[in-house]
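Here is the structure we will look at.
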Amino acid sequence: MKNNIFILAMAAALLAGCASSQAPSTPATAVTPVAPATLPTYADAEPLGAAMEGWVYPYPVQMLQFEHEGRLLRMAYMDVQPAQPNGQTVVLFHGKNFGAEYWANTLRALSAQGYRVIAPDQIGFGKSAKPEIRYTFAMLADNTARLLDHLKVERVAIVANSMGGMLGVHFARRYPQRVSALVLENPLGLEDYVPSIPPQQTANLLKLEMAQTTVSYRNFIKSYFKDNYRPEFERFVEQFARVQRSAEYPRVAHVSALTYQMIYEGPTYNELPKLTVPTLLAIGQLDRTVFGRRFAPPEAVKNLGYFPQLGKDSQKRIPGAKLVEFDNVGHVPHLEAPDRFHAALLQFLQDKR
């Protein structure tokens, strides 16, 4: 019985391989909490398959088909063309627990200012293929370059959140000539977590994924937003719950475990000083996310995940980096404080044009 309780507790933090410590704070503006009595379980909702065919994205989804290691894969993406183009293109990199759809408001904000915006679901995520293979950031970066080649786009600005921030660093290091600017929104990888977080067996990670529940997943998502959790964020819980009800969930869970390994094996801390592109650090100050926190003793991680300091330290380590701090905001500023985030983003992109 104790083991079952332990597994369920661990599962609440696993899908991203990270969790957040408690840091009570008063939000800048009042938000309406979701009353516990009204929170749905989605037990009767229609299941979603691994490709989430029935899940609606904010813009039309296209597919790029290509071969990887003898497998035919399909990469989903949105390509939003502005009414009055300014000649610039932005690519959005999502986090581990989100697909490209959570960029909906950023797609609108950038498009309204004349930017062409490309938002892919990386292989292994969202509506894209989910092969059970070894995942690496190099593979995801190469897939993104392949997509840009397909769309005949040479040079882009990258905006990247959470795990996507690690991919953004890898992409900018691998293809610096293709990156006009890099925006890292509360990225993972600003600290060296490997000495503190012990490695995990994929089989054990899969067990934890399979033990996840709607309630534990909701608590995990809430940890991203601190005091800013709003009813519209239930969308992400519903998506998980409906995928979990599918017969394809074991494969989805396995891929989630495999992408945890990708994060563990692809740290970016030592890559930050080597960045050669203009970089903006956009940091929510309430964020306390630590990759793999639950797998280490509290003493080992007590000094990790303090994003107010991580932002300042990383600005010093990245040549010429600019830092914008968002008070009373957690791990996903573009959802929690979209007006402030987009104002800073647009100003930075304008300055770098």
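Throughout, read-outs are computed from the coordinates displayed, never taken from laboratory work. Since the model is a prediction, treat every value here as computed from it, not as a measurement. Reconstructed Cβ throughout: ideal geometry from the backbone, glycine too, with neighbour counts over all protein chains shown.
Annotations for the structure displayed:
- Restricting segment 255-268 to residues that are part of a helix (DSSP H, G or I) and touching a Ser or Thr at 6+ places or on another chain (Cβ under 9 Å), the residue that is nearest to residue 226 (Cα to Cα): 260
- Where residue 86 falls short, out of the listed (1) among the polar types (S, T, N, Q); (2) assigned to a loop (DSSP other than H, G, I, E, B); (3) surrounded by 15 or more Cβ atoms within 10 Å (Cβ to Cβ): (3)
- Here residue 276 passes the criteria (1) assigned to a loop (DSSP other than H, G, I, E, B); (2) within 28 Å of residue 42 (Cα to Cα); (3) hydroxyl-bearing (Ser, Thr, Tyr) except the one numbered (2).
- Some residue of segment 109-127 being within 23 Å of residue 341 (Cβ to Cβ), touching a Gly at 6+ places or on another chain (Cβ under 8 Å) and of a type in the set (Ser, Thr, Tyr): no
- Segment 195-224 - residue that is closer than 29 Å to residue 341 by Cα and among the polar types (S, T, N, Q) and, of those, surrounded by the most Cβ atoms within 10 Å (Cβ to Cβ): 223
- When 227, 192 are screened for being under 30 Å from residue 278 (Cβ atoms) and surrounded by fewer than 20 Cβ atoms within 10 Å (Cβ to Cβ), only 192 passes.
- Any hit, segment 162-171, residues being among the β-branched types (Val, Ile, Thr), surrounded by 15 or more Cβ atoms within 10 Å (Cβ to Cβ) and more than 19 Å from residue 282 (Cα to Cα): no
- Note on segment 55-71: residues that are touching a helix residue (DSSP H, G or I) at 6+ places or on another chain (Cβ under 9 Å), surrounded by fewer than 18 Cβ atoms within 10 Å (Cβ to Cβ) and under 13 Å from residue 128 (Cα atoms) amount to 2.
- Qualifying residue in segment 90-102 (condition: surrounded by fewer than 20 Cβ atoms within 10 Å (Cβ to Cβ) and either touching a residue at least 24 places away in the same chain (Cβ under 8 Å) or closer than 19 Å to residue 349 by Cα (or both)): no
- Filter result for the condition that a residue is without any contact (Cβ under 8 Å) to a residue 60 or more places away in the chain and touching a helix residue (DSSP H, G or I) at 6+ places or on another chain (Cβ under 8 Å), over 187, 199, 278, 273: 273
- Meeting the requirement of 2 or more residues that are more than 20 Å from residue 179 (Cβ to Cβ), in contact with a Leu (Cβ under 6 Å, 6 or more places away or on another chain) and among the small types (Gly, Ala, Ser), no helices (runs of 4 or more DSSP H) wholly within segment 279-353 can be named.
- Close pairs from segment 42-57: first over 16 Å from residue 75 (Cβ atoms), partner outside any loop (DSSP other than H, G, I, E, B) and among the hydrophobic types (A, V, I, L, M, F, W, C), Cβ under 7 Å, at least 6 apart: 42/241; 45/241; 48/243
- Residues of segment 290-327 satisfying the condition of being surrounded by fewer than 21 Cβ atoms within 10 Å (Cβ to Cβ), within 17 Å of residue 344 (Cα to Cα) and in contact (Cβ under 8 Å) with a residue 60 or more places away in the chain: 327
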